[in-house]
1. For a paramagnetic label modelled at 7 Å from the Cα of C57 toward its Cβ, which residues of the range 8-24 fall within the zone defined by backbone nitrogen distances under 17 Å?
2. Could you tell me which of V46, I261, M86 has its Cα farthest along the dipole of the chain towards the positive end, charges placed at Cβ (Lys, Arg +1; Asp, Glu -1), taken about the Cα centre?
3. Can you find, among Q291, I172, A146, the residue farthest towards the positive end of the dipole of the chain? Put +1 on the C-beta of Lys and Arg, -1 on that of Asp and Glu.
4. Does the range 227-330 classify as rounded, prolate or oblate by the C-alpha gyration tensor (a ≥ b ≥ c root eigenvalues; a/c under 1.5 gives rounded; else a/b over b/c gives prolate, otherwise oblate)?
5. Please give the helix 19-28 orientation as an angle from the longest Cα principal axis of the chain, in degrees from 0 to 90, rounded to the nearest 10.
6. Can you give the calculated 222 nm mean residue ellipticity of the chain, where each DSSP H run of n ≥ 4 adds -39,500 (n - 2.57) and the sum is split over every residue, rounded to the nearest 500 deg cm²/dmol?
7. What is the range 1-71 by shape, rounded, prolate or oblate, if you read a ≥ b ≥ c off the alpha carbon gyration tensor as root eigenvalues and call it rounded for a/c under 1.5, prolate for a/b larger than b/c, and oblate otherwise?
8. Treating only the Cβ atoms of Lys and Arg (+1) and Asp and Glu (-1) as charged, compute the dipole magnitude of the chain about its Cα centre; round to the nearest 20 debye.
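Every number here is computed from the coordinates shown, using simple stated rules; none is lab data. Everything numeric here is computed off the predicted structure, so don't read it as measured data. Cβ atoms come from the backbone with ideal geometry, glycine included; neighbour counts cover every protein chain shown.
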Amino acid sequence: CDIINSVPGFEVTSICRDGKCALKAISEKSCDCIVMNIYLEGMSTVSLFKSLKDLKCHIPIIAITSAVSEDRERTVQALEAGIVDMVVRPYSFGDKASNEKFRMSLISALKAIPDSNTASLFNDQASLGDMSIRKRKVNYSLVALACSTGGPQALHRMIPMLPAHIGVPMVIVQHMPAGFTASLAERIDQDSQISVREASDQEILKPDTVYIAPGGRHFAVAEDRMGNLIAHVYDGPPVHNLRPCADVMYESLCRVRANNILCVVLTGMGADGTEGISRLRDCKHIYTISQDEKSCVVYGMPKSVYDKGLSDEVKPITEIAKAISRELGV
């Protein structure tokens, strides 16, 4: 509570110990955000979200979670269901550095709330995008995608719409802490025709496979001695306070021989990806698809790409898989 009350413009109006109490408080008092443990007594975050959805109550939820396996699975389910963000609490609140990291992460999540489009999280209907046809002109070597806030749900909506065979690998940087991306990849893989997995260092990036960068580590694309594209997963200082960082991924593509690259930027806070795509455009043939404002949870990363004149096409999340397939000729 002290952390929330310390953020200008925010104050705690209710404290609830279980899900039933939370729903009662929400119905009696207006609020702009819900911060809750990943599991309340008698109700999970997903259950609370669904109850709010039934009530047509579009209140953003931030989940406080941990890196233990049970909480990781619950958190990924909640992110896919549509909660806005997650913050990982420290193993021990006795460590000052961990406490400060937790405090700053929660403050950052809270500050993003005014820019979030929570209605998009509650919308199950497919919105209509530009149905114009663009003739495929190039043979792509790779699809490189970036996303952040709202990304897990967007990925779970988009990737299952891809065919099993797209002819190239797809690499994804989704801003997440360590320990959560493997569960995210596994859950999306279960619902998809195409293979989805968490990337491993030095593995060859194979066609018809989606690779999600491991949380908490940098991800780049490199080449082995045979000229195969490979994943480079490594520790290093955060870039723009991010790890993994989409700019790191995109800039790494400047150093490989692959010349035609399809870039995709989905919902997310900030401008990660813009600088990398700008540099990539200077040295490669690229085509960039960005998510539209209406279907984004936070129209930050796609907006930045669009505002810089780097977006070749803007689509709602329900049309992006079709646009990718069209570009790849599948």
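1. Under 17 Å, as judged by backbone N against the label point of C57, lie 12-24 of the range 8-24.
2. Value: I261.
3. Among Q291, I172, A146, the one farthest towards the positive end of the dipole of the chain is Q291.
4. oblate
5. Between helix and principal axis, roughly 80 degrees.
6. -9500 deg cm²/dmol
7. Because a/c hits 1.5 or more and a/b fails to exceed b/c, the range 1-71 counts as oblate.
8. Charge dipole of the chain: 500 debye, to the nearest 20.
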